[in-house]
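Student: Can you read through this structure? Questions will come right after.
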Amino acid sequence: MPMPEAGSTEPTKVCSVCGKHSDEGYVELYKDHVLVSVTCRGCDITRRFDRHRDTGVITTWLVTEVAARNYDLSRGRTVDPRGRPIERADEVRAIAASLERIQIAVREFEQAVWFGGLQKAARASRTKGMRGHPDVGPVSLISYTMAGRAMVTIEDATTQVTLITIEDEEKPCMGLRGIEATEAQALALLKAVREAWAAGRVEMREDRGVSV
Ligand SMILES: [Zn+2]
């Protein structure tokens, strides 16, 4: 599920939400290759926090922002390194706690699935991409290796988690690289594949159609 957005720092733009010029860059949203909105980073992050508050959905850039704010909060700071107040502290702590629980499930997935055969299959594959057959209910599993890194995406029609690890590493080091899901949905995606894998119901096949 690619995110239709890209950053830009062209000086003439203004944010379609706050109407201000931003020197921190913009998020551009395209639909069918047509630019439909230009949002400054600040308003984009606000929108992502609002979406999480309303729906529980955690998105990749929210994870990045939460990590930075939680780092400062956990050291007792009330302002960020640029002197701005750290806003939405309670939400930051709640999302950080969700991410810790998801990371525990990622480690379980790593032990059961990655070290339980997926790593071996990825290393033996003649193609960069592989796909699990059959799908686990509505959930599909793909892996992709590139330059020594391996990425594993688990997704259904509306939710997704992407994990990253080192292709040849034998010690646990898998982490979350991308997400578009609530905590419960992310845990369910990981569990669905873990259980199907443990039951021997997933076979990885080489797939040239898989890309990142
Ligand atoms: Zn703005």
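The values are calculated or read from the model by the stated rules, or taken from the named source; none is laboratory data. Just so we're clear, the structure is a prediction, and the values are computed from it rather than from any experiment. Methodologically, a virtual Cβ is constructed for each residue, glycine included, from the backbone with ideal geometry; neighbour enumeration extends over all protein chains shown.
Student: With respect to PHE115, is the statement that it is in contact (Cβ under 8 Å) with a residue 60 or more places away in the chain, in the same structural domain as ASP168 (by TED's automatic domain parsing) and either within 30 Å of ASP168 (Cβ to Cβ) or loosely packed, with under 13 Cβ neighbours inside 10 Å (or both) true? Break it down into steps so the answer makes sense when it comes.
Tutor: Working: in contact (Cβ under 8 Å) with a residue 60 or more places away in the chain: no; in the same structural domain as ASP168 (by TED's automatic domain parsing): yes; either within 30 Å of ASP168 (Cβ to Cβ) or loosely packed, with under 13 Cβ neighbours inside 10 Å (or both): yes.
In short, no.
Student: Search the stretch 28-55 for residues that are of a type in the set (D, E, K, R) and pair each with any residue that is modelled with pLDDT of 95 or more and more than 16 Å from the ligand (Cβ to nearest atom) when their beta-carbon atoms are under 6 Å apart and the residues are at least 6 apart or on different chains.
Tutor: Matching pairs, first to second residue: ARG48/THR59; ARG48/LEU62; ARG51/VAL57.
Student: Tell me which residues, restricted to the stretch 100-112, are surrounded by 15 or more Cβ atoms within 10 Å (Cβ to Cβ) and either farther than 21 Å from ALA181 by Cβ or in contact with a strand residue (DSSP E or B) (Cβ under 8 Å, 6 or more places away or on another chain) (or both).
Tutor: ILE102, VAL106, PHE109, GLU110
Student: Name, by its number, the condition in (1) within 17 Å of ASP207 (Cβ to Cβ); (2) out of contact with any Phe, Trp or Tyr (no Cβ under 9 Å at 6 or more places or on another chain) that does not hold for ALA150.
Tutor: Only one criterion in (1) within 17 Å of ASP207 (Cβ to Cβ); (2) out of contact with any Phe, Trp or Tyr (no Cβ under 9 Å at 6 or more places or on another chain) is unmet by ALA150, namely (2).
Student: Filter the stretch 114-163 down to the residues that are assigned to a loop (DSSP other than H, G, I, E, B) and small (Gly, Ala, Ser) and list them by number.
Tutor: Residues of the stretch 114-163 assigned to a loop (DSSP other than H, G, I, E, B): 125-128, 134-135, 137-138, 147-148, 156-159.
If the condition is that a residue be assigned to a loop (DSSP other than H, G, I, E, B) and small (Gly, Ala, Ser), then SER125, GLY137, ALA147, GLY148, ALA157 are the ones that fit.
Student: Given the options ARG77, ARG69, name the one that is more than 14 Å from the chain's Cα centre (by Cα), in a loop (DSSP other than H, G, I, E, B) and of a type outside the set (Phe, Trp, Tyr).
Tutor: Details: ARG69 fails: in a loop (DSSP other than H, G, I, E, B).
Testing whether each residue is more than 14 Å from the chain's Cα centre (by Cα), in a loop (DSSP other than H, G, I, E, B) and of a type outside the set (Phe, Trp, Tyr) leaves just ARG77.
Student: Go through the stretch 188-212 and give me each residue that's surrounded by 18 or more Cβ atoms within 10 Å (Cβ to Cβ) and not small (Gly, Ala, Ser).
Tutor: Matches in the stretch 188-212: LEU189, LEU190, VAL193, ARG194, TRP197, VAL202, MET204, ASP207.
Student: Return the pairs, sorted by first residue and then second, in which the second residue is acidic (Asp, Glu), the first residue lies in the stretch 149-161 and is in contact (Cβ under 8 Å) with a residue 60 or more places away in the chain, the beta carbons are less than 6 Å apart, and the residues are 6+ apart or on different chains.
Tutor: Close Cβ pairs (under 6 Å, with a partner that is acidic (Asp, Glu)) amount to GLN160/GLU180.
Student: In the stretch 36-56, how many residues are within 16 Å of the ligand (Cβ to nearest atom) and not in a helix (DSSP H, G or I)? If you could, list the steps in order and put the result at the bottom.
Tutor: Filtering the stretch 36-56 down to residues within 16 Å of the ligand (Cβ to nearest atom) leaves 36-51.
Pick out the ones that are also not in a helix (DSSP H, G or I) and you get 36-40.
Of the residues in the stretch 36-56, 5 are within 16 Å of the ligand (Cβ to nearest atom) and not in a helix (DSSP H, G or I).
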